[in-house]
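A quick write-up on the structure given underneath.
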Amino acid sequence: MAQGNGDAYLQGVDNYSISHHLHDIKKKNYLIFGRAGLNSIASVTNLIKIHKLSNQSILTPDLNKPNSVIFFLYEGIDLVWNHSLYINNAKENETVEDFTLKIINRDSNLLFLEKLYNSFPILPFVGAFFEDFLKLFNEIFESKNLKDSISSIFDRIKKLFGFYIVLGDKEKNDLTWVNSLKDHKNIKNIRFETFKFTLEEANKRNLKTIVETGVARGKVKFFFFRKINWKDGMSTLMFSEYSSLYKGQLHTCDIDKSNIEAAKKFCKKYSKFVTFYVENSLNFLKNFKKKIDLLYLDSLDGNIVGAEEHQLNEIKYAENKLHKNSLILLDDKLSKSKLSIEYLKSKNYKILIETDQQILFSEIV
């Protein structure tokens, strides 16, 4: 659909998507539902449910209800997720077509709560409000000082008045990590899907030791205050929370002490699961003694001369500490990862996921 951030949209062209062209040809109205971050099988069931629910709402009798749903799918990482779903859940000798139809038919059935919320949309809002209120009450009760209590209250006020926008989908999954992902799915976090995939894969492989070069330093506000910067992904915060959930340990380094201090504040809640190092990343990796389960390289910015060579040398220093199950995630792919990608491919590493910003490697798929 190319809705929202396509090249045409960014260049001011407002008639570029498939829906626009269908409207021009058929002279009918088309409503776009774009779903990112789900395999295409789940997207199909999701849209079937939307179609059913839009025709069953008792409180909107005048709604211009759709006559049909058109699915437009393209296979990127979706293909990997679909394949994994089939391999892990299909019965013996069950064809791809039979399995896909079975999953779609099963998952597109409307649940009682979905029907109830569709007819009375105020209910999930009230539920979310009281859930958030209870969370706030617990934070205040557990806080050690008045400053933390006031901070929690002001965070809720900011959220209530739209100071920042967080996509609050609750994803049904047995993994505790996935249930906590909603706290990081900020609309500005363009690296979210890569981090989500990486940490889900890390959990499947029971990976515990995470090594990061270049901490999440946030951004400066009012000359000296630091605040979270979701555009950069806030990797240190996400890795530290993951470590706290699965009894792992994050080892992260940065050459700038002020960046380390900022990251410590962001990760204060998970401090016992993080070890910080004020050190050049090459020296840090050279002297690191433990085996590395997940390696994340994001030390030098891509616009700095020598960033490509630096990242490649980081891999070479860390190489003897990796194992067959290890994951290697490279940031700023387009600006500083060309040499690293060529090197890892020459060592028979496989690409698990790739975006314009990041690329994830492993020896095994």
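Could you go through the stretch 44-56 in sequence order and give the Karplus-derived ³J(HN,Hα) for each residue, using 6.51 cos²θ - 1.76 cosθ + 1.60 with θ = phi - 60°, rounded to whole Hz, and x for Gly and Pro?
4, 4, 4, 6, 4, 5, 4, 4, 5, 5, 5, 9, 10
What is the local net charge at VAL365, summed over the other residues whose Cβ is closer than 11 Å to its Cβ (Lys, Arg +1; Asp, Glu -1)?
Values: positive: LYS350; negative: GLU201, GLU363.
Within the 11 Å Cβ shell, the charges total -1.
What does the extension gain come out to for ASP356 and VAL96, with contour length at 0.36 nm per residue minus their alpha carbon separation? It would help to have the intermediate numbers written out before the result.
Numbers: separation 260, 0.36 × 260 = 93.60 nm, distance 3.03 nm.
Answer, rounded to one decimal: 90.6 nm.
Once the other residues with Cβ under 14 Å from the Cβ of ASP98 are scored (Lys, Arg +1; Asp, Glu -1), what is the net sum? Intermediate results must be reported in sequence, preceding the final value.
Working: positive: LYS91, LYS102, ARG106; negative: GLU92, GLU94, GLU97.
After counting each charged neighbour, the total is 0.
Using θ = phi - 60° and the Karplus form 6.51 cos²θ - 1.76 cosθ + 1.60, what ³J(HN,Hα) does each residue of the stretch 96-101 get, whole Hz, x for Gly and Pro?
4, 5, 5, 5, 5, 4
Amide H neighbours of LEU327 under 5 Å, at least 5 residues apart or on other chains, H built in the peptide plane: list them.
Counting only residues 5 or more places away or on other chains, the set is LEU294, LEU295.
In what order do LYS102, LYS268 fall by count of nearby beta-carbon atoms within 10 Å, going from fewest to most? Show your work: numbers first, answer last.
Details: LYS102 14, LYS268 11.
Neighbour counts put them in this order, fewest first: LYS268, LYS102.
Which cross-chain or sequence-distant (5 or more) residues have an amide H under 5 Å from the amide H of ILE359, H modelled 1.01 Å from N in plane?
Correct list: LEU330.
Please turn the phi angles of the stretch 262-267 into ³J(HN,Hα) values with the Karplus equation 6.51 cos²θ - 1.76 cosθ + 1.60 (θ = phi - 60°), one per residue in order, whole Hz, x for glycine and proline.
Result, ordered by residue: 5, 4, 4, 5, 4, 9 Hz.
Which distance in nm do the two modelled labels at ASP301 and LYS204 give, with both placed 7 Å along the Cα-to-Cβ direction?
Result for the modelled spin labels: 3.5 nm.
Fewest Cβ neighbours within 10 Å first, please rank LEU245, LEU294, LEU344 accordingly. Don't skip to the end; give the middle numbers.
Numbers: LEU245 17, LEU294 27, LEU344 22.
So the residues, fewest neighbours to most, are LEU245, LEU344, LEU294.
Where a number appears in this text, it was derived from the coordinates with a stated rule and is not lab data. Note that the structure is predicted; figures quoted are calculated from it, not measured. Ideal geometry is used to build each Cβ from the backbone, glycine not excepted, and the neighbour counts take in all protein chains shown.
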